[in-house]
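Accompanying notes for the structure given below.
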Amino acid sequence: MAEQKRYTREALYDLVWQEPPSRLAQRFGLSDVGFSKLCRRLQVPLPARGYWQRHAAGRRVERPNLPDFVGDGQDWVELSILNDEELTQAEKQKPQDDSVAVEVRVPASTEVLSKAGAVTFRRLSKGKPDERGRVLPRFHGHIH
């Protein structure tokens, strides 16, 4: 059973700068977006894009100070921490493939397409699906 724990803004701030927020979100049973909204509501700054890659590469990275809490809401949150079994279950339910199948419908005639659209349409229609079923255009230079 998931354990409930109260986190102050300071504790949450320390967590998001020790471990990527996406991992924390998973541990708390939240989506990345939901966890980001929670941090925004508590006015906890999150690492910028690329922070963890720069950190892993040993580059100097900036960590902003925790600002004073502005507002009259609560400055803490209670979160459920998933145990190992629950994390495993959540991981099994998560789709393994991040790609999304999208059906693109284009007019039968390319006359109504822009020049770039027509070129892309021709290149995609000649493409062959790869091992994952994706058709990628083959560009051999600029669109003329």
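Give the number of residues within region 44-81 that are out of contact with any helix residue (DSSP H, G or I) (no Cβ under 9 Å at 6 or more places or on another chain) and of a type in the set (A, V, I, L, M). So the answer is 4. If I go through region 122-136 residue by residue, how many of them are modelled with pLDDT under 75 and surrounded by 14 or more Cβ atoms within 10 Å (Cβ to Cβ)? Number of matching residues: 0.
Screening ARG105, ARG49, ARG60 for residues that are within 30 Å of GLY133 (Cβ to Cβ), modelled with pLDDT of 85 or more and assigned to a loop (DSSP other than H, G, I, E, B) leaves exactly one candidate, ARG49. Which of the residues belonging to region 1-14 are aliphatic (A, V, I, L, M) and crowded, with 18+ Cβ neighbours inside 10 Å? Selection gives LEU12 alone.
Looking at the structure I just gave you, is GLN53 surrounded by fewer than 16 Cβ atoms within 10 Å (Cβ to Cβ) and more than 18 Å from the chain's Cα centre (by Cα)? Answer is no for this residue. Residues in region 3-29 that are closer than 14 Å to ASN83 by Cα and either among the acidic types (Asp, Glu) or not in a strand (DSSP E or B) (or both): 8 in all. Whether any residue in region 74-87 is at pLDDT 75 or above and exposed (fewer than 10 other Cβ atoms within 10 Å of the Cβ) is what I want to check. Looking for residues that are at pLDDT 75 or above and exposed (fewer than 10 other Cβ atoms within 10 Å of the Cβ), one finds at least one in region 74-87, hence yes.
The values are calculated or read from the model by the stated rules, or taken from the named source; none is laboratory data. In this text the structure is predicted, and so the values were computed from the model without any measurement. Neighbour counts are summed over all protein chains in view; Cβ atoms, including those assigned to glycine, are modelled from backbone coordinates with ideal geometry.
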